[in-house]
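**Q** Take this structure first; my questions come after.
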Amino acid sequence: MNIKVIVDKCVGCTLCVKVCPFGAISMQGKKAVIDLDKCTLCGACVETCKFGAIEIKRTSKQTENIQDYKGVWVFGEQKKGVVQPVVFELLGKARELAQKLHTDVSCVLIGHNVKARAQELIQRGADTVYIVDSADLENFLDEPYSKILTHLARKYRPEVLLCGATFIGRALVSRVAVKLHTGLTADCTGLDIDPKEKLLLQTRPAFGGNIMATIITKNFRPQMATVRHKVMKEIEVDASRKGKIIEETFDKPFFASRTKILDIVEEVGSTVNLAEADIIVSGGRGMRGPENFPLLEELAQTINGAVGASRAAVDSGWMPYSHQVGQTGKTVCPKIYFACGISGQIQHLVGMQSSKIIVAINQDPQAPIFNVATYGIVGDLFQVVPLLTKEFKKALNK
Amino acid sequence: MNIIVCIKQVPDTTQVRIDPQTNTLVREGVQSIINPFDMYAIEEGVRLKEKYGGKTTVITMGPPQAENALRDAIALGCDEAILVSDRAFAGSDTLATSYTLTAAIKKIREFDMIICGKQASDGDTAQVGPGISAHLDIPQVTYVKKIEEIKDKTATVERMTEEGFEILKTPLPCLITVVKEINEPRIPSLKGMMRAKKATITSWKAIDLEIEEVRLGLNGSPTQVVKIFTPAPRPKGQIFDGPADEAAHKLAQALKDILQ
């Protein structure tokens, strides 16, 4: 194998002994010695050693002992102790993948006082929930979360590791994939198992949604992917489902973070979280000014939606950037997307064209938005939108 | 303060079309531009230098013509530019790319902050920035919408979240990825454009870097693309015309069941 202790540099501090998930390192005469029968070349010791005394030369073009990697994992993202909806969607998909792989589903839940959530994760599809609980882990921080997830993946060796393509998820697993030296596919909209080779088929849009690409990670494990909100189906809650809850303990150094949180600011309005919204009502240049956005807010409220905006509306200062949908804003795929006074420039389309239903309201019948619209109304939005709000109120008995 | 800005030259995705016959991307005639998010990274790198002094170095990995993107960055105020280019890097996925860029950054050696755009508009992965910080084992803050201040080798920044933002404090050196809200990129000045024209671009090949060959390019990339296809076109839509109240009524009826 390609791991060695540089004896001159080793000071006998035993940090590596403690960090090795496989108990492969012992001290002999105040120097670290690696038991090559137990070592999996996971690299945990290399990172921990402060003296650069352990070296791995990577010549192999695949993960060592690749056949030992089993199980489908989901990262259980939580905020303020609340498991994020995308996790349930991933668990639903993970069940389907695990069935095809004849394996089981595990969920990793990192946070503080989160143990009570484990049962729900089991009811929603997990067979095992790994819990890492500490006051230091209450809020997401890149360093401790990635260290812990990396360590658990090394210890238990899942073949698949899924994570929501959220702000947190994308920052977290990018780091984990590098530490594990494996492949990571971003922002998947489709996941399946290749029936012959049992590989994870990861399908995602590229070039702003102009093409779709299916990607595999053939020789490295785990096969890692982040998955978009709202594209996978959660399974029905089954209160009779049984599963294991395993609490993992870590030494303090794992919780250390050089980055500190000074404050968490939640912007007013529950309608901001576009990623999780089932319905989005967006406005563009045709809104003519910020004073007209309450029209959209009223419609959104009536049908339980969030308010979005095109780049034109954001750049004009009518709406904050956090509402922007499109290439330089957010990518969304709600059940229904209302584009009001949005012409449908490609920069906007790439951010919303995977929405299930698109409704376009625009004065210009030639506007490109009508090319992607499921339903369209050619007309004055200042007339149409209030009427629509009224109609929905009637139809929904509100 | 020494800043490194990582940029990528991308095809202007707003111009990319699909050849319906061959089902492949028509790249001909498509302009190459600096990835839109990297424009904010460049601007922030230049502003920090203007405020705190020091030097802003822009770096890219790509084919030889990516030099144009570097010259554009110099026109916008970057001081030095490095092109990391070698056939050995071809086919790199995000792991191999972040590994290679890390090797180049290690060669630059002195830096206080690395700034990347949130993601590139062609691949949309948002993985290379965090990948670099993982390789370098430095703190990272993604989706930064504001740098509040830099004092005593510590940066206070605002990170966008789904619900709002967080205020974080991180020691330097660190890596940040930035979103559009952070600034408004300037237009290149005439002086900048003259400078860009004359500037010497440093070029590094694989042999100039301390790297393992097995980790480069296609060979060093765990992910591989097995299939490319065009998404199914959206079915033709239905237009409700007639008076506004009638149209609104029809639309509400069409959507009623989904909403309930």
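**Q** Express in whole angstrom the spacing between the alpha-carbon centres of segment A:218-234 and segment B:147-223.
**A** 27 Å
**Q** Moving to a separate point now. Please give the helix A:167-180 orientation as an angle from the longest Cα principal axis of chain A, in degrees from 0 to 90, rounded to the nearest 10.
**A** 30 degrees
**Q** Compute, for chain A, the length of the dipole vector about the Cα centre, with Cβ point charges of +1 (Lys, Arg) and -1 (Asp, Glu) only. Units Debye, rounded to 20.
**A** Numbers: 50 positive and 41 negative charges, 208 e Å.
Here chain A has a charge dipole of around 1000 debye.
**Q** Further question: Classify segment A:17-156 as rounded, prolate or oblate, taking a ≥ b ≥ c as the square roots of the eigenvalues of its Cα gyration tensor: rounded when a/c is under 1.5, otherwise prolate if a/b is larger than b/c and oblate if not.
**A** On the way: a/c = 2.67, a/b = 1.57, b/c = 1.69.
Since a/c reaches 1.5 but b/c is at least a/b, the shape of segment A:17-156 is classed as oblate.
**Q** Then there is this: What does the C-alpha gyration tensor say about the overall shape of segment A:66-255? Classify as rounded when a/c is under 1.5, otherwise prolate if a/b is larger than b/c, or oblate.
**A** Note, shape of segment A:66-255 comes out rounded.
**Q** Once you average over the residues of A:349-358, how many Cβ atoms of partner chains fall within 10 Å of each Cβ?
**A** Rounded to a whole number, the mean comes out at 2.
**Q** Oh, and also: Going down the table (A:335/B:180; A:147/A:218; A:230/B:118; A:335/B:8), which pairs top 29 Å between alpha carbons?
**A** Numbers: A:335/B:180 26 Å; A:147/A:218 24 Å; A:230/B:118 22 Å; A:335/B:8 33 Å.
Correct reply: A:335/B:8.
**Q** Using Cα-Cα distances under 8 Å and only pairs 6 or more residues apart, what relative contact order does chain B have, in percent?
**A** On the way: 485 pairs, mean separation 59.6, N = 260.
Answer for chain B is 23 percent.
**Q** Oh, and also: Quickly estimate the mean residue ellipticity at 222 nm for chain A, helices only: each DSSP H run with n ≥ 4 gives -39500 (n - 2.57), and the total goes over all residues, rounded to 500.
**A** Helix-only estimate at 222 nm: -7500 deg cm²/dmol.
**Q** Further, regarding this structure: Normalising by the residue count of chain A, find the relative contact order in percent from Cα pairs under 8 Å and 6+ residues apart. Could you put the intermediate results ahead of the total?
**A** Numbers: 823 pairs, mean separation 46.3, N = 398.
Computed over chain A, the figure is 12 percent.
**Q** If you wrap a convex hull around the alpha carbons of segment A:3-56, what volume per residue comes out, as a whole number of Å³?
**A** Roughly 63 Å³ of hull volume per residue.
**Q** Give me a single rounded figure for B:173-182: the average over its residues of other chain Cβ atoms within 10 Å of their Cβ.
**A** Counting other chains' Cβ atoms within 10 Å and averaging over B:173-182 gives 3.
**Q** Just rank A:72, B:5, fewest to most, by other beta-carbon atoms within 10 angstrom.
**A** B:5, A:72
**Q** Now for a different question. To the nearest 10 degrees, how steep is helix A:142-156 against the longest Cα principal axis of chain A, on a 0 to 90 scale?
**A** Taking Cα atoms only, the helix is inclined about 60 degrees.
**Q** Rounded, prolate or oblate: which fits chain B, taking a ≥ b ≥ c as square roots of the Cα gyration tensor eigenvalues, rounded meaning a/c under 1.5, else prolate when a/b beats b/c?
**A** Details: a/c = 1.87, a/b = 1.47, b/c = 1.28.
Prolate shape, in that a/c is at least 1.5 and a/b is the bigger ratio.
**Q** Using only Cα atoms, locate the centre of segment A:158-216 and the centre of segment A:319-342, then give the distance between them in Å, rounded to an integer.
**A** Taking the Cα centre of each part, segment A:158-216 and segment A:319-342 sit 24 Å apart.
**Q** Helix A:293-302: angle to the longest alpha-carbon principal axis of chain A, degrees 0 to 90, nearest 10?
**A** Between helix and principal axis, roughly 70 degrees.
**Q** Amide H to amide H under 5 Å from residue A:358: which residues, 5+ apart in sequence or cross-chain, H placed 1.01 Å off N in plane?
**A** Excluding prolines and chain starts, which carry no amide H, the hits are A:337, A:374, A:375.
**Q** Unpartnered cysteines of chain A (Cβ-Cβ under 4.7 Å counts as a partner)?
**A** A:10, A:13, A:20, A:39, A:42, A:49, A:107, A:163, A:188, A:333, A:340
**Q** Dividing the alpha-carbon radius of gyration of segment B:138-234 by 2.2 N^0.38 Å (N being the number of residues), what value is obtained?
**A** Relative to the 2.2 N^0.38 Å estimate, segment B:138-234 comes out at 1.62.
**Q** Let me have the 222 nm mean residue ellipticity of chain B computed from DSSP H runs of 4+ only, each contributing -39500 (n - 2.57), with the sum over all residues rounded to the nearest 500.
**A** Per the formula, -9000 deg cm²/dmol.
**Q** Another question, if that's okay. Ignore the peptide's own chain and count Cβ atoms of other chains within 10 Å of each Cβ in A:371-381; give me the average, rounded. Please report the intermediate quantities before stating the final value.
**A** Values: counts 4, 3, 5, 7, 9, 7, 10, 5, 7, 1, 1.
Average per residue, whole number: 5.
**Q** Shifting gears a bit: Give me the percent relative contact order of segment A:3-56, please, defined on Cα pairs under 8 angstrom at least 6 residues apart.
**A** 45 percent
**Q** Next up: Taking θ as phi - 60°, what are the ³J(HN,Hα) couplings along segment B:118-123 by the Karplus curve (6.51, -1.76, 1.60), each to the nearest whole Hz, with x for Gly and Pro?
**A** Those phi angles translate into 3, 6, 9, 7, 8, x Hz.
**Q** How big, on average over all directions, is the shadow cast by the Cα convex hull of the protein assembly as shown, in nm²?
**A** Values: hull surface 121.3 nm².
Projected area, direction-averaged: 30.3 nm².
Every read-out reported here was derived from the displayed coordinates using simple, explicitly stated rules and does not represent laboratory data. Only a predicted model underlies this, so the values are computations on that prediction, with no experimental measurement involved. Note: ideal-geometry Cβ built from the backbone for every residue, glycine included; neighbour counts use all protein chains shown.
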